[in-house]
Amino acid sequence: MNQFGVYGMGVMGQSIAKNIANHGYSVSVFDRFFDVVQKYQSTIEKGQAIQGFTQVEDFVASLESPRRILLMITAGKPVDIVIEQLLPYLKKDDIIIDGGNSYYKDTIRREQYCKDQGIHFFGCGISGGEYGALVGPSMMPGGDEKMYEYIQPVFDDICAKAKDGKPCCTYIGKDGSGHFVKMVHNGIEYSDIELICEAYQLLKAAGFDNKEISTIFHHWQQGELNCYLLGIAAKILLVKDEASREDLIDCILDTAGQKGTGKWTSQEGLDMGVPLPTIAESVFARCVSALKEERIQASRILKVELPIAIDKEELLEILPKALYSAKIIAYAQGFSLMHHASKEYNWNLQLQNIASIWRGGCIIQARFLQDITSAYTSAPDTVNLMVSPFFAKILLANDSALRKVINLAVNNGIAIPGLMSSLNYFDSYRQSRLPANLLQALRDFFGAHTYQRVDRPVDEFFHTDWETITKDFYQ
Ligand code: 6PG
């Protein structure tokens, strides 16, 4: 009998099955296409105990109890279909783990559905792409904590390890919490990517070429900005197009794709009333980039004559500081969403542990995640990362750099939605008084929506008959 099952032999499934086998476990793999399984079996190396199946009944029967089956399939309806396909062959206390980018509310539904049939269902965020799946991803499992003991040994073996040797996998919480945290990871990923692209745009506008920008990124990679995405950006900028020998980056169409996880994160922020401006602006930046034909037309009409005047030396001084502040502010938004969701869903999310498992294996892995881990370890109830002492100090020290970069971009007509929304979030969050008093008065004037008063208890609401009072004003 094999110890672990992997259902779905796409690139991720194939990689993670080999990772599991490479750690000494006997693995059953399933795919409905015979040729896929056959081709995969031809890649199995000596010592990898991997057995291929194309019949679900045989696949399930090949696994020891309690069965542990990791689904590596496309999110959405396919997960429900495969659950129905497996259930007839499973026994009480068997475990299904969905390792895809499933929507957390679907996971909550599926966990309950399976529980009603005596089967345990986990939603596990897995980050790190195909390579990460093979050598060690960051893993975010959510489900029944009592059953996690059957999963933890395997996941702790196969996940990435941080520099201190700790596994980049931890039990996240019940039902959909694991997929929720993965969704937030991806929302932060969108921000990280957007901010790096804005830095690239500014450096290009200043006159640096791709090789120079690569060198600049590689230099930044040695310091506090160190992260996986900046490292691969530095490499990408050096790659030549095979045919033309031009820089490949200059041959790539500037219209972004998106599978939807950043959008989901933004939608959750709106649903929960948690401001995520940098994450949302990163989604919208992708949408604007996709309006290629419209932008070409608009570029011929909306010609704004602005002198591109960017001092290279000054930019090299202020841009990394601005980028680091915006990065901190974007992560603060993502963590504030998890802080809020933890209360709303009673997940008891341990933010220090989530930051800790993001230190390696995942797409947003970054050196400063150690600082985020430390910040939440020393103050687990931190409501917003921006006000933790370590990060507040950095944000205040880099404040003028962020404002200078934004002014420079604005004066040169360069779009920087990520940087700009980060500063706006910072500036609004740190104000003890915002202009929402006038907002409330306007709502009460036209809609009698009432308002509270600064000099009365917050549970008292007031309405003013503005129409009558103001009918003679400005006559
Ligand atoms: C990861 C990645 C992975 C996927 C992205 C792509 O954590 O390994 O985030 O989940 O590559 O979701 O998302 P977009 O297509 O939306 O950029």
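The values are calculated or read from the model by the stated rules, or taken from the named source; none is laboratory data. Just so it is clear, the structure is predicted and the values come from calculations on it, not from any experiment. Cβ: placed from backbone, ideal geometry, glycine included. Neighbour counts: every protein chain shown. Side chains are part of the model used for accessible areas, which takes the heavy atoms of the whole protein and leaves out ligands, DNA and RNA. Shrake-Rupley method; radii C 1.70, N 1.55, O 1.52, S 1.80 Å.
Scanning segment 156-169 for residues that are in contact (Cβ under 8 Å) with a residue 24 or more places away in the chain and either more than 16 Å from the ligand (Cβ to nearest atom) or part of a helix (DSSP H, G or I) (or both) yields D157, I158, K161, A162, K163, K166, P167. Among the residues in segment 383-393, are any under 21 Å from T278 (Cα atoms), at pLDDT below 95 and open to solvent by less than 90 Å² (accessible area, probe 1.4 Å)? The answer is yes, given that some residue of segment 383-393 is under 21 Å from T278 (Cα atoms), at pLDDT below 95 and open to solvent by less than 90 Å² (accessible area, probe 1.4 Å). Taking the criterion of being farther than 16 Å from D156 by Cα and either within 15 Å of the ligand (Cβ to nearest atom) or without any contact (Cβ under 8 Å) to a residue 60 or more places away in the chain (or both), the residues of segment 352-369 that qualify are Q352, A355, I363, I364, Q365, A366, L369. Among the residues of segment 1-18, those that are in a strand (DSSP E or B) and either on the phi > 0 side of the Ramachandran plot or not aromatic (F, W, Y) (or both) comprise N2, G5, V6.
Output yes when any residue across segment 155-163 is open to solvent by less than 10 Å² (accessible area, probe 1.4 Å), in contact with a His (Cβ under 6 Å, 6 or more places away or on another chain) and under 30 Å from Y113 (Cα atoms), and no when none is. Yes, the conditions are met somewhere in segment 155-163.
Say whether the condition of being closer than 16 Å to H185 by Cβ and crowded, with 20+ Cβ neighbours inside 10 Å is met by at least one residue in segment 310-323. No - not one qualifying residue is present in segment 310-323. Report whether or not Q370 is in a helix (DSSP H, G or I) and either of a type in the set (S, T, Y) or over 30 Å from F208 (Cα atoms) (or both). Criteria met by Q370. Just to be sure before I move on: is G361 open to solvent by less than 70 Å² (accessible area, probe 1.4 Å), touching a strand residue (DSSP E or B) at 6+ places or on another chain (Cβ under 6 Å) and not β-branched (V, I, T) in the structure I sent? Taking the combined requirement at face value, the residue satisfies it.
Whether any residue in segment 438-449 is assigned to a loop (DSSP other than H, G, I, E, B) and not assigned by TED's automatic domain parsing to the domain that holds S191 is what I want to check. The answer is yes; a qualifying residue exists.
On the stretch given as segment 19-51, residues that are in a strand (DSSP E or B) and open to solvent by less than 20 Å² (accessible area, probe 1.4 Å) total 4. All of L238, L270 fail the test of being more than 22 Å from the chain's Cα centre (by Cα), on the phi < 0 side of the Ramachandran plot and free of Cβ contacts under 8 Å to residues at least 40 places away in the same chain, apart from L238. Among residues of segment 190-201 being buried (at least 24 other Cβ atoms within 10 Å of the Cβ) and hydrophobic (A, V, I, L, M, F, W, C), the one that is farthest from I364 (Cα to Cα) is A199.
Checking every residue in segment 176-193 against the condition of being outside any helix (DSSP H, G or I), over 29 Å from L306 (Cα atoms) and either within 18 Å of the chain's Cα centre (by Cα) or more than 16 Å from the ligand (Cβ to nearest atom) (or both) gives at least one match.
H339 meets all of the listed conditions (1) more than 21 Å from T170 (Cα to Cα); (2) open to solvent by 20 Å² or more (accessible area, probe 1.4 Å) but one, namely (1).
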